[in-house]
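Written below as structure tokens is the structure these notes are about.
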Amino acid sequence: MNDKEDNNAEKKPFTLFNNETGQSIEIPVLQGSEGPDVLDIRKLHEETGMFTYDPGFTSTASCESEITYIDGLKGILRHRGYDIQELASKSEFLEVCYLLLHGELPSIEDKNKFIDVISNHTMLHEQLVYLYRGFRRDAHPMAIMVGVVGALSAFYHDSTDFSDIKQRMVACHRLIAKIPTIGAMAYKYSVGQPFVYPRNDLSYTENFLYMTFSVPTEEFKISPNIVKAMDRFFILHADHEQNASTSTVRLAGSSGANPFACIAAGIASLWGPAHGGANEAVIKMLEEIGDIENIPMFINRAKDKNDPFRLMGFGHRVYKNYDPRAKVMKESAHDVLKEINNNNDPLLKIAIELEKIALQDPYFIDKKLYPNVDFYSGIILKALGFPTSMFTVLFAIGRTVGWISQWKEMIEDPINKIGRPRQLYKGKVSRNYQLEDNRDKKSIFNWLWKK
Ligand code: ACO
């Protein structure tokens, strides 16, 4: 019996009573190593004929996991037990990758071996270059990412079998190693510059910046502080428990789909403005605000129920306190702007003032809306020279290790089943088939052609 089973045995079951039928059932209560207890409703349908209803999964634990712990009320984020602030200040990204994937920080020997393994996989199959050429030059780099990452499964047949432990590991390494190359090439394609091949003598993050910003005509030079800031950005995005994109990866993987296809699904989910697309939206919003004196108007718009505008980079499903990643990101924004001698960046000024005003406003206080990881990250990325369309790509590069670690954990979990939610059906009940002449004449297409 493991520790968890032991814990579970100590918990009294939860009794559900149906006032209408007088039926009562006992629901086992599961206990994690930290965090809220969980009602184990796996037998609920079998015993009562009922489902639970939880749109957006606000009260649903979809799996057991040992990778990441979040306490949204206290503003805590830990990977494998290590606090994110400590990892961001003391570790480098590849070390965090190893930690997420294998559960422990690596010894010096294992770290070097891991760096070697990852370096071995940094190049892309040369044929993939032609895939890029099929895209329009103005394609959004996230569109390219979804396509190219999905296409990896057409190139690396020897690591698509999820049931083979060795193939699984190779797929994890390939994804971590190739994602910066894929992202950098998406950028190069959009600006019309030649693709730059990876250099394995550089660190993971320096190599990514080299592939992105170097040109064949000039020597590439970059400050170690900029490399550090980018590396920290990747660490802060490495994993975040069962968010929308990670849950998408798990759901896709639960059917036995290959890992490359699953990560492509995760990238698609990340793209939305309510998730990873928010960092791009924050910069657009700060530019639209334009001046500190316009802030109150935008705050009022965010509070207006009839206006769809929201303060981008504010609020989070889990954090009802300051996002711990946003704290580090804010410090990093100051460091980067100092490094590039741009202490007076107007967007940073607007962001700081916007945060100050929002955090004193009863609307944001009552709803517990605080800056999230995306609020300051765009300022850093813009200062580093990335166009806004690349912001979510950078998020995806950092998050790939989290997605693939969660995918691997799911595949190796003996409880793993295909994900198959049910529904509360509100549609038409059974009715007689209508022949064409008897059908409603009002066309549903009229609104489409209305000028
Ligand atoms: N600005 C103004 N009001 C907000 C904001 C915001 N940024 N976020 C939430 N609210 C309000 C909602 O209008 C709602 O009000 P109501 O209860 O009066 O209807 C209430 O706060 C709760 O909001 P929900 O949308 O129900 O909260 P949910 O947990 O579903 O959404 C989300 C969280 C999507 C992050 C939301 O806060 C949001 O849209 N924020 C802006 C986008 C953003 O920054 N996304 C990045 C998230 S972090 C990440 O993915 C890495």
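The values are calculated or read from the model by the stated rules, or taken from the named source; none is laboratory data. Just so it is clear, the model here is predicted, and its values are computed rather than measured. Note that we place each Cβ from the backbone using ideal geometry, even for glycine, and neighbour counts take in every protein chain shown. In case anyone asks, the SASA skips ligands and DNA or RNA and just uses the protein heavy atoms, side chains included. Shrake-Rupley method; radii C 1.70, N 1.55, O 1.52, S 1.80 Å.
How big is the Cα convex hull of the stretch 324-451 in projection, averaged over all directions, in nm²? Before the final figure, lay out each step's value.
On the way: hull surface 69.1 nm².
The directionally averaged projection comes out at 17.3 nm².
Between 0 and 90 degrees, the angle of helix 204-213 with respect to the longest Cα principal axis of the chain falls at about 70 degrees.
What relative contact order, as a whole-number percentage, does the stretch 246-359 give when Cα pairs under 8 Å and 6 or more residues apart are counted?
Values: 62 pairs, mean separation 26.7, N = 114.
In percent, rounded to a whole number, it is 23.
In this structure Glu86 has an accessible area near 90 Å², from a 1.4 Å probe over the protein heavy atoms. Computed over protein heavy atoms with a 1.4 Å probe, the accessible surface of the stretch 117-157 works out to 51 Å² per residue.
Computed over the stretch 176-256, the quotient of the alpha carbon radius of gyration and 2.2 N^0.38 Å is 1.32.
Computed on the Cα trace of the stretch 47-179, the radius of gyration divided by the Kirkwood hydrodynamic radius gives Rg/Rh = 1.06.
Using per-residue counts of other Cβ atoms within 10 Å, averaged over each peptide, order 185-194, 212-221 from highest down.
Numbers: 185-194: 16.8, 212-221: 11.8.
Descending packing order for the listed peptides: 185-194, 212-221.
Helix 278-289 axis versus longest C-alpha principal axis of the chain: approximately 70°, rounded to the nearest ten.
Taking every Cα-Cα distance in the stretch 117-239 and sorting them into 10 Å bins from zero, the calculated P(r) comes out as 12, 41, 36, 10, 1 percent.
Dividing the summed -39500 (n - 2.57) terms of all DSSP H runs of n ≥ 4 by the residue count of the chain sets its mean residue ellipticity at 222 nm at -15000 deg cm²/dmol.
If you place +1 on the Cβ of every Lys and Arg, -1 on the Cβ of every Asp and Glu, and leave all else neutral, what size is the dipole of the chain about its Cα centre, to the nearest 20 Debye? Can you show the working numbers first?
On the way: 53 positive and 58 negative charges, 344 e Å.
Its charge dipole is roughly 1660 debye.
Per-residue SASA remark: His275, around 40 Å² accessible (1.4 Å probe; ligands, DNA and RNA not included). Expressed as a whole percent, the accessible surface of the chain that belongs to carbon and sulfur atoms is 52, based on a 1.4 Å probe. Placing unit charges on each Cβ (+1 for Lys and Arg, -1 for Asp and Glu) gives the chain a dipole about its Cα centre, and among Thr400, Ala281, Leu16 the Cα reaching farthest toward its positive end belongs to Ala281.
Normalised per residue, the accessible area of the stretch 241-309 is 42 Å², obtained with a 1.4 Å probe and no contribution from ligands, DNA or RNA.
Please give the FRET efficiency for Glu331 paired with Ile357, using the beta carbon to beta carbon distance and R0 = 25 Å, rounded to the nearest 0.05. If you can, show how the numbers build up before the last one.
Details: r = 21 Å, r/R0 = 0.83.
About 0.75, to the nearest 0.05.
Could you rank Tyr425, Tyr82, Tyr319, Tyr53 by how accessible they are, 1.4 Å probe, largest area first? If you can, show how the numbers build up before the last one.
Working: Tyr425 140, Tyr82 80, Tyr319 5, Tyr53 165 Å².
Descending accessible area places them as Tyr53, Tyr425, Tyr82, Tyr319.
Three principal axis extents of the chain based on alpha-carbon atoms, in descending order, are 77, 58, 55 Å. Each of Ala61, Ile118, Gly427 was scored by the projection of its Cα onto the charge dipole of the chain, and the greatest displacement toward the positive side belongs to Gly427; charges sit on the C-beta of Lys, Arg, Asp and Glu. Per residue, the stretch 1-108 exposes 67 Å² of accessible surface when a 1.4 Å probe is rolled over the protein heavy atoms with every protein chain present. Spatial offset of the stretch 413-439 relative to the stretch 259-337 amounts to 36 Å, using the alpha carbon center of each. Near Ala244, once Lys and Arg are set to +1 and Asp and Glu to -1 for all other residues with Cβ below 13 Å from its Cβ, the sum equals +2. I'd like the distance separating the alpha-carbon centroids of the stretch 338-376 and the stretch 119-144, in whole Å. Spelled out, the Cα-based centre of one part sits 35 Å from the other.
Residues Phe155, Phe445, Phe57 ordered from highest to lowest accessible area at a 1.4 Å probe: Phe57, Phe445, Phe155.
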